[in-house]
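Have a look at the structure below, then the notes.
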Amino acid sequence: MSAPTEGSTGSTIAPKATRELAPDLARGVMLLLIAMAYAGVYSGVGFGVDVSGEPVEDRLAALFTTLFLDNRAFPMFAILFGYGMAWMVSRRRAKGTSEQEVRRLLRRRGLFLLLFGAVHALLVFPGEILTSYGLAALVTGWLLLRSDKAIVRAALVFAVFYAITVPVAMVGVSMSETTQGPEGFALPGYLTVEDWIGRVVGLPFSPLFIAFAYPLLLLVVLGYRAGRAGLLDDPVGHKGLLTKIAVIGIGVSVLSAVPSALTAVGVISPDVIAEGLYMALQVLTGVLGGAGYAALFALWSIRLDRNQGPLTRSVAAMGKRSLTFYLLNSVLVAVVLHTHLVGLGDVVGAAGALLVAASAWSVSLQAASFLESRNRPGPLDQLMRRAVYGGRKVRRLAAEKGSSS
């Protein structure tokens, strides 16, 4: 299942019949990173929280998450989402689907992502990202029917936009944390009417805030361009470029996150404006980190594709069913850590939260392997396809997928 490329003239190259390892492997590992990033929020040590008074293992965990996970896993997910959207559109156009029908499919995908995400936000994690991706699909999906130059121009516009909005938003977050403390950003519970009112009221605001305060639209559009180029589907052919993206992207993102990480663990004590700007630098360079991670996993897939062991196959199986296991991981993390459920988030710090996330991902890995061994789709991925394409088309697409796998 290869993402085809589309040149500046709008001509489409048909996708290959075989499914490439790199995108699935990247998605599978990404789900671990996302679970880890979510877990910290439940234990009160999310991005930007001062952990200088916590035990040493929790400070080290916070240092690790700020440098490598916070606003790095999310960008990787967003780029891969855009990559998958580009593949979907190119595949439809290669089969002769009309532009009107492609637009309809893009709208339906965006709307159903909003719906799936809203249910997830209401019942599990208000800071979830599916609603944001649904919004991004609705706002930017039309670019997939335009030239490569149009996509690049849009990326430049979004880059300028976020260079302004992200620092403003992060300074605002820093000021709010100073005045309200971590409690002001605590997750809503389940036991009171006020908890549920908070969850309902917050539904429309979270995706809008993410679209403004984090470079969501830029990341998705970069994924469109990467999908057009087929970077992850032909890692051998793009090895030189992928190496540069991995080295420069990850290196710059880690170095740029150092001030924010040192602030979190109490090594430096900037004023509220400087702290917000450090956070903005960490967020903005997450674009490079997410791209670097995606490139790194593509490079690893070159070696792993020749001799896929059980772990590689299981991670790729999870990546094939990313919607199902994104939501399953989130539910498992919430059940174990949320203060109104099992409640371990009240007694474990950042280090313990990371272990819970890794354990949840390991459980999901076994489930993904089980589904793969029986050639079964992820149930929520299948539901999404059915919602977007309709029942008969889903069955036909499944048959085509089975014949090409």
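The values are calculated or read from the model by the stated rules, or taken from the named source; none is laboratory data. All values derive from a computational prediction rather than experimental measurement. Positions of Cβ are generated from backbone atoms using ideal geometry, with glycine treated the same way; all protein chains shown enter the neighbour counts. Just so you know, the surface numbers come from the protein's heavy atoms only, side chains and all, with ligands and any DNA or RNA stripped out. Shrake-Rupley method; radii C 1.70, N 1.55, O 1.52, S 1.80 Å.
Summing Lys and Arg as +1 and Asp and Glu as -1 over all other residues whose Cβ lies under 15 Å from the Cβ of Ser364 gives a net charge of +2.
Note on Ala163 and Val335: the model spin-label points, each 7 Å out from Cα along the C-beta direction, lie 4.7 nm apart.
Kindly identify the range 121-176 as rounded, prolate or oblate by the Cα gyration tensor criterion: order the square roots of the eigenvalues as a ≥ b ≥ c, call it rounded if a/c is under 1.5, otherwise compare a/b with b/c, prolate if a/b is larger, else oblate.
Oblate shape, in that a/c is at least 1.5 and b/c is the bigger or equal ratio.
Taken one residue at a time, the phi angles of the range 65-70 give Karplus couplings (6.51, -1.76, 1.60, θ = phi - 60°) of 5, 5, 6, 10, 10, 4 Hz. Gly and Pro are set to x. Counting lysine pairs in the chain that sit 8 or more residues apart in sequence, or on different chains, and whose Cα atoms lie under 25 Å apart gives 16.
Working from label points 7 Å from Cα in the Cα-to-Cβ sense, the Lys149 to Gln308 distance is 4.0 nm. Solvent-accessible area per residue in the chain equals 43 Å², computed with a 1.4 angstrom probe and all protein chains kept. Using a Gaussian network model of the chain in which every pair of alpha carbons under 10 angstrom is joined by a spring, one finds that among Arg59, Arg313, Arg386 the greatest mean-square fluctuation is at Arg386.
Compute the relative contact order of the chain as a whole-number percentage, counting only Cα pairs closer than 8 Å that sit 6 or more residues apart in sequence.
Reported as a whole number, the value is 31 percent.
Computed from Cα positions, the angle between helix 310-320 and the longest principal axis of the chain comes to roughly 80 degrees.
Kirkwood-type hydrodynamic radius, the range 248-371: 17.2 Å, calculated from all non-identical alpha-carbon pairs. Put the Cα centre of the range 212-284 next to the Cα centre of the range 91-134 and the gap is 25 Å.
Based on the Kirkwood approach, the hydrodynamic radius assigned to the chain is 21.5 Å, with every pair of different Cα atoms included.
The long axis of helix 239-264 is offset from the longest Cα principal axis of the chain by roughly 20 degrees. Summed over qualifying helices (DSSP H, 4 residues or more, each -39500 (n - 2.57)) and divided by its residue number, the chain shows a 222 nm mean residue ellipticity of -24000 deg cm²/dmol. For the range 149-227, averaging the sequence separation of C-alpha pairs within contact (under 8 Å, six or more residues apart) and dividing by the residue count gives a relative contact order of 52 percent.
Sequence gap at least 6, Cα distance under 8 Å: using those rules, report the relative contact order of the range 253-361 to the nearest whole percent. List each step's numbers first, then the result.
Details: 53 pairs, mean separation 17.1, N = 109.
Taking the mean separation of contacting Cα pairs over the length of the range 253-361, I get 16 percent.
Once the Cα atoms are used to define both axes, helix 130-140 deviates from the longest principal axis of the chain by about 50 degrees. In order along the range 78-89, the phi-based Karplus estimate (6.51 cos²θ - 1.76 cosθ + 1.60, θ = phi - 60°) of 3J(HN,Hα) comes to 5, 5, 5, 4, x, 4, x, 5, 4, 4, 4, 5 Hz; Gly and Pro are listed as x.
When the alpha carbon coordinates of the range 63-198 are projected onto the principal axes, the ranges are 55, 35, 25 Å, largest first.
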